[in-house]
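Okay, structure first, notes after.
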Amino acid sequence: MLLGEKSAVCLLIHACTDEKSALYGIKAAEHYENYYTSIGFHPECCDRLPENYIEILEGLSGQSVKIVAVGEVGLDYHYDGYDRELQIKLLCDQIEFAQKHELPLIFHCRDATADFLEILRKYKPRGVVHCFSGSPEVAREIVSLGLYVGFTGILTFKNAKKVKKSFCAVPPDRILLETDCPYMAPEPYRGKRCTSDMIKYTAETGAGLIGMTPQELIDKARENTERLFNIK
């Protein structure tokens, strides 16, 4: 992204949640040069998860050279009734799949920090914990395990004091900027559909917290993204 009168998004990574969205991402990546995609099953898919999900991932993995990650995968204990044991199995299986194929992971974690960190400590995977809203202590541990931390428009919210502290706890070479589209639109668009060009507002807030210019932070975040996802 370049800041200025008109903002230009330089590349996009589609984070899928199931087989259907993965196929959409693969097809879209064929048509746009700077569009990349992932494959994986989100924890909220557990109530409709096909038994042969690893076989499905194996089949998807060979369909495009622009598949750069496994994700969005993780744990989500936010709602009652979720099968936590199945979520844990699904996550561990997909981490092993990603490591077999030498792909980074895009991680989702909501209200499941203890179990999530335990799995990260066990596997020490490569990837990013996206849409981070946890504590600075958790952010530091994630970084110590070799992972990146993704920040969204939440960073711009006036009441997001904890997220701002966490942002400052992450070294600049481990920060990614993201939309979590269509959610988490930054101020001044909070509550509206989030789009990629809105990242500049997140960058402006983040840069002010750590003594960088917005363009310097955007450049660093892009460099980090290209390194993590092996995009050249």
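The values are calculated or read from the model by the stated rules, or taken from the named source; none is laboratory data. Predicted model, so just to flag it, every value in this text is computed and none were measured. As a convention, Cβ positions derive from the backbone with ideal geometry for all residues, glycine included, and neighbour counts pool all protein chains shown. Side chains are part of the model used for accessible areas, which takes the heavy atoms of the whole protein and leaves out ligands, DNA and RNA. Shrake-Rupley method; radii C 1.70, N 1.55, O 1.52, S 1.80 Å.
Worth pointing out:
- Placing a label point 7 Å from the Cα of residue 135 along the Cα-to-Cβ line, the residues of region 141-179 whose backbone N sits under 14 Å from it are 141-142, 162-163, 165-166.
- Within the full protein context, the accessible area of residue 163 is estimated at about 10 Å² for a probe radius of 1.4 Å.
- Set of lysines near residue 100 by C-alpha distance (under 17 Å), chain-local residues within fewer than 8 positions excluded: 89, 122, 124
- In the chain, the DSSP beta bridges split such that about 5 percent are antiparallel, to the nearest 5.
- Computed E for residue 96/residue 195 - FRET, C-beta separation, R0 25 angstrom, nearest 0.05: 0.15
- Length released on extending from residue 144 to residue 65, taking residue separation times 0.36 nm less the Cα-Cα span: 25.4 nm
- In this structure, the amide hydrogen of residue 74, modeled 1.01 Å from its nitrogen in the peptide plane, lies closer than 5 angstrom to those of 108, counting only residues at least 5 positions away or on a different chain.
- Three-way shape call for region 70-151 based on the alpha-carbon gyration tensor, with the a/c threshold at 1.5: oblate
- Loop sites in region 35-142: GluC sites (Glu not before Pro), DSSP, at most 16 other Cβ within 10 Å: 51, 102
- Taking amide hydrogens as placed 1.01 Å from N in the peptide plane, the amide H of residue 13 sits under 5 Å from those of 36, each at least 5 positions away in sequence or on another chain.
- Counted residue by residue at 0.36 nm each, then reduced by the alpha carbon distance between them, the extension gain from residue 114 to residue 9 reaches 34.3 nm.
- Sorting 227, 48 on solvent-accessible area from highest to lowest, probe radius 1.4 Å, gives 48, 227.
- Computed over the chain, relative contact order equals 15 percent, with contacts defined as Cα pairs under 8 Å that lie 6+ residues apart.
- In a reduced charge model with +1 at each Lys and Arg Cβ and -1 at each Asp and Glu Cβ, the chain shows a dipole moment near 820 debye about its Cα centre.
- Using a probe of 1.4 angstrom and keeping all protein chains present, the accessible surface of region 108-166 works out to 45 square angstrom per residue.
- For the chain, the longest principal axis of the alpha carbon atoms and the long axis of helix 113-123 meet at an angle near 70°.
- Solvent accessible area, Å² - residue 83, 1.4 Å probe, full protein context: 80 Å²
- The string of couplings for region 21-33 from the Karplus curve (6.51, -1.76, 1.60, θ = phi - 60°) is 6, 5, 5, 4, x, 4, 5, 5, 5, 5, 9, 10, 4 Hz, one whole number per residue in order, with x for Gly and Pro.
- Accessible carbon and sulfur surface of region 127-232 relative to its total accessible area, %, 1.4 Å: 51 percent
- Measuring between alpha carbons in the structure, the pairs from 164/220; 27/164; 66/162; 162/220 lying more than 27 angstrom apart are 27/164; 66/162.
- Whole-Hz Karplus values for region 155-160 come out as 4, 8, 5, 5, 8, 8 Hz, taken residue by residue from phi with 6.51 cos²θ - 1.76 cosθ + 1.60 and θ = phi - 60°; glycine and proline positions read x.
- The length gained by stretching the chain between residue 123 and residue 181 to full extension, at 0.36 nm per residue less their Cα-Cα distance, is 18.0 nm.
- Accessible surface of region 17-113, 1.4 Å probe, proportion on carbon and sulfur as whole %: 47 percent
- DSSP-loop trypsin sites (Lys or Arg not before Pro) across region 70-178, with at most 15 other Cβ within 10 angstrom: 158
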